[in-house]
1. When the label point is put 7 Å from the Cα of Gln176 along its Cα-to-beta-carbon vector, which residues of segment 64-81 have a backbone N closer than 19 Å?
2. Sort Ser168, Ser49, Ser8 so the one with the fewest other Cβ atoms within 10 Å of its own Cβ comes first.
3. Placing +1 at every Lys and Arg Cβ and -1 at every Asp and Glu Cβ, with all other atoms neutral, what dipole size does segment 1-141 have around its Cα centre, in debye to the nearest 20?
4. Return the label of the correct value of mean projected area of the Cα convex hull in nm², as calculated from the structure shown, out of (i) 18.9; (ii) 14.2; (iii) 11.5.
5. In the chain, how many lysine pairs have Cα atoms under 20 Å apart, counting only pairs 8 or more places apart or on different chains?
6. Relative to the Cα centre, what is the charge dipole magnitude of the chain, using +1 at the beta carbon of each Lys and Arg, -1 at the beta carbon of each Asp and Glu, and rounding to the nearest 20 debye?
7. Taking neighbour Cβ counts within 10 Å as the exposure measure, how do Glu62, Glu158 sort from fewest upward?
8. Which helices count as membrane-span-like in the chain under these terms: full DSSP H, at least 20 Å along the axis by C-alpha, Kyte-Doolittle mean of 0.5 or more?
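Where a number appears in this text, it was derived from the coordinates with a stated rule and is not lab data. Just so we're clear, the structure is a prediction, and the values are computed from it rather than from any experiment. Here the Cβ positions follow ideal geometry from the backbone for every residue, glycine too, while neighbour counts run over all protein chains shown.
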Amino acid sequence: MAKGDLVSIPCLWLMIPYRHFGIDIGDGSVVHLATDPSAANRMTVQRVSLNAFADGKPVRVEDVSESLPVEEVVSRAVDRVGESGYHLVAGNCEHFARECKCGTRTSHQSDRLVRGVCRAGVAGLLAASANAARVASMAGVPKGMASRSNGIASLLAEAARHSAYAASRCAKLEHQKAEVIGRTVGVTTAAVTGLLTAGPRAAASAAVAYLTIDSMAQSTMNSISKVSSEPTPPQKY
């Protein structure tokens, strides 16, 4: 670990694994967005000791493709101590830490959550609906690909995609590379499922259906990101 590093620890929420993020200040302290008991349990930006941040868990230094200068990273983090505000999708601990580290308000975790829910939701509706064509139309899936079998293939593809991403991150691959691997595994799984159930034409149909659902989910996430990236006045307590 070094001054200005983006650091994280593993956590669980209702049996759902996630990572909590902060910025290493370089003097044995970390700045992070977390619940503050001294401020009526509001979520505030706090400067705490490394041990308090870690809470007995292993601390990992996150790889980033681009970083602001170290002193600017530290300054951005320290200057925001005392701010309050939290939003799971638009303003969580990872948004805060990556904005300090890279200058962009981003959370890979919430992005993946929203896109994954969208993909699984549409695929699940296709798989379960008696009127798959109507569901597909709402999601932008071509009529010729609106079928329960494609919905089932997309659900299996989503499960495989998540597993491949998780395995890649455990192997310490950077987020973008893990995303590419996950997406490739997802599309391949959809195609293989279609091939095994109904032949080559079904393989192509299932793959294109999954890619279309993926595109829809990305558009949804882009819309949310556009709104959440608009600056809001900080609050101090």
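1. 64-69
2. So the residues, fewest neighbours to most, are Ser49, Ser168, Ser8.
3. That gives segment 1-141 a dipole magnitude of about 640 debye.
4. The value computed from this structure is option (ii).
5. 6
6. Roughly 900 debye, rounded to the nearest 20.
7. Glu62, Glu158
8. Answer set is 175-198.
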